[in-house]
Amino acid sequence: MSRGMSRKKKRARALLLFVVVCIVAIGGYQWISNSDTFAETDNSGSNTVDAGTNGGQASPSPSDSPAPSDGNGGMDAGQPSDSPSADPSETPSATPEHREVNADGIPVAAQADSITALINKENSLPDDFDPTDLVYPDVPFIFKEKIEKRMMRKEAAGALEKLFAGAEKDGIHLAGVSAYRSYKTQRTLFDNYVKKDGYDKARTYSAIPGTSEHQTGLAIDVSGSDGKCAAESCFGGTPEATWLAAHASEYGFIIRYPEGKENITGYKYEPWHLRYVGEDLAKELDSKGETLEEYYNTVPVNQ
């Protein structure tokens with residue numbers, strides 16, 4: 001009987017041990033499974049933080065962009081916005097375009113060699129300006145010498161010949177007084193006028209060197225063939241002056257310093273001073289009663 005009891009105890013112990021082993025095995029399996037789940041959760045959280053940290057360095061993928069809504073924020077990019085861009089692609093310069101100046105600090109005219117160039121007290125010729133196509137027009141002058149002041153640029157000289165011929169047909173006899181004038185010659189003349197009348201008065205009838213239309217080779221002073229009233233105020237009442245005022249534009253010339261425009265041109269009335277600008281512009285200015293300053297919409301030139 002003792003042996004039978006001993007066997008039963010051994011079986012009970014073995015069964016109990018088996019149960020304990022099973023319980024331990026099941027518990028271990030669950031613990032391992034939970035550990036893997038925690039590890040995945042930790043790794044996922046770590047990846048989320050890393051993506052947020054690197055988001056400012058990497059370009060987002062198209063799927064990261066928010067979908068447009070039905071409100072203003074979802075306005076189609078192809079449609080204009082009612083509000084202006086805060087950062088326009090083209091911003092106008094706050095300073096005017098730089099202009100070249102001559103030795104006296106006067107701004108140099110744009111395209112100074114053009115037949116329509118505006119040359120005045122505020123728009124000078126370049127310091128090295130010297131026309132390369134100067135010729136002697138075949139017209140009478142009040143002197144016979146072939147000197148500098150008898151020359152004009154080729155196109156202007158041809159137009160002057162036609163003007164003189166047209167005047168002759170109408171019984172008006174003209175003569176040249178002074179055409180081209182170099183910078184050096186203008187300097188000598190202006191300095192002499194300053195010594196005679198003072199700087200301020202000299203500026204009302206003589207140009208500062210570099211700002212004289214005579215230096216362009218496109219201007220000429222004319223008179224009657226007898227030379228009376230040459231470059232003088234008395235020329236204004238002569239038949240020659242009247243004819244020039246009425247017909248000069250037909251040949252491409254204008255009375256450059258007309259009466260009543262002194263505050264615009266900066267010079268007193270000079271009915272003898274012709275400037276070649278070409279027929280089209282000359283006729284336009286004559287029909288409108290405008291000066292070159294008005295044509296180019298420049299501010300009036302001070303005396």
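The values are calculated or read from the model by the stated rules, or taken from the named source; none is laboratory data. Remember, it's a predicted structure, so these values are computed and weren't measured experimentally. Cβ sites come from the backbone with ideal geometry, for glycine too, and all protein chains shown count toward neighbours.
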Handout entry: Residues (within 14 Å of Ile208 (Cβ to Cβ) and in contact with a Lys or Arg (Cβ under 7 Å, 6 or more places away or on another chain)) located in region 104-151
Key = Pro107, Val108
Exercise for the section: Examine region 201-213 for a residue that is in the same structural domain as Leu174 (by TED's automatic domain parsing), surrounded by 14 or more Cβ atoms within 10 Å (Cβ to Cβ), under 21 Å from Phe141 (Cα atoms) and among the acidic types (Asp, Glu), and state whether such a residue exists. Expected result: yes
Exercise for the section: Check whether at least one residue in region 183-193 is out of contact with any His (no Cβ under 7 Å at 6 or more places or on another chain), surrounded by 12 or more Cβ atoms within 10 Å (Cβ to Cβ) and part of a loop (DSSP other than H, G, I, E, B), and report yes or no. Expected result: no
Handout entry: Flag if Ala165 is outside the structural domain of Thr291 (by TED's automatic domain parsing), surrounded by fewer than 18 Cβ atoms within 10 Å (Cβ to Cβ) and of a type in the set (A, V, I, L, M, F, W, C)
Key = no
Problem - Flag if Tyr180 is surrounded by 13 or more Cβ atoms within 10 Å (Cβ to Cβ), touching a strand residue (DSSP E or B) at 6+ places or on another chain (Cβ under 7 Å) and assigned to a loop (DSSP other than H, G, I, E, B) - result: yes
Practice task
Have a look at Glu262, Glu294, Glu250, Glu290 and point out the one that is more than 18 Å from Ser212 (Cβ to Cβ), in contact (Cβ under 8 Å) with a residue 40 or more places away in the chain and either among the charged types (D, E, K, R) or touching a Leu at 6+ places or on another chain (Cβ under 6 Å) (or both).
Solution key: Glu250
Practice task
Taking Ile220 as the residue in question, decide whether it is farther than 17 Å from Met152 by Cα, within 34 Å of the chain's Cα centre (by Cα), surrounded by 13 or more Cβ atoms within 10 Å (Cβ to Cβ) and not aromatic (Phe, Trp, Tyr).
Solution key: no
Fill in the blank from the handout: Picked from region 86-102 (must be modelled with pLDDT of 80 or more and either in contact with a Leu (Cβ under 9 Å, 6 or more places away or on another chain) or assigned to a loop (DSSP other than H, G, I, E, B) (or both)), the residue farthest from Gly210 (Cα to Cα) is Glu100
Problem - Among (1) in a loop (DSSP other than H, G, I, E, B); (2) touching a residue at least 24 places away in the same chain (Cβ under 8 Å); (3) over 21 Å from Ile208 (Cα atoms) - the single one Phe164 does not satisfy - result: (1)
Exercise for the section: For region 160-172, indicate whether the set of residues that are aromatic (Phe, Trp, Tyr), within 22 Å of Glu279 (Cβ to Cβ) and modelled with pLDDT of 90 or more is non-empty. Expected result: yes
Practice task
Find the residue count for region 256-287, including only residues that are among the aliphatic types (A, V, I, L, M), surrounded by 19 or more Cβ atoms within 10 Å (Cβ to Cβ) and not in a strand (DSSP E or B).
Solution key: 4
Fill in the blank from the handout: Picked from region 149-162 (must be over 32 Å from the mean Cα position of the chain (by Cα) and hydrophobic (A, V, I, L, M, F, W, C)), the residue surrounded by the fewest Cβ atoms within 10 Å (Cβ to Cβ) is Met151
Practice task
Go through (1) outside the structural domain of Trp243 (by TED's automatic domain parsing); (2) surrounded by 19 or more Cβ atoms within 10 Å (Cβ to Cβ); (3) among the basic types (Lys, Arg) and name the single condition Lys121 misses.
Solution key: (2)
Practice task
May I ask you to say which residue of Thr265, Thr238, Thr291, Thr242 is touching a Lys or Arg at 6+ places or on another chain (Cβ under 6 Å) and of a type in the set (S, T, N, Q)?
Solution key: Thr291
Fill in the blank from the handout: Exactly one of His214, His247 is within 18 Å of Met151 (Cα to Cα), of a type outside the set (D, E, K, R) and under 38 Å from the mean Cα position of the chain (by Cα), and that one is His214
Problem - Sole exception among (1) within 19 Å of Lys201 (Cα to Cα); (2) in the same structural domain as His173 (by TED's automatic domain parsing); (3) surrounded by 15 or more Cβ atoms within 10 Å (Cβ to Cβ) for Phe235, by number - result: (1)
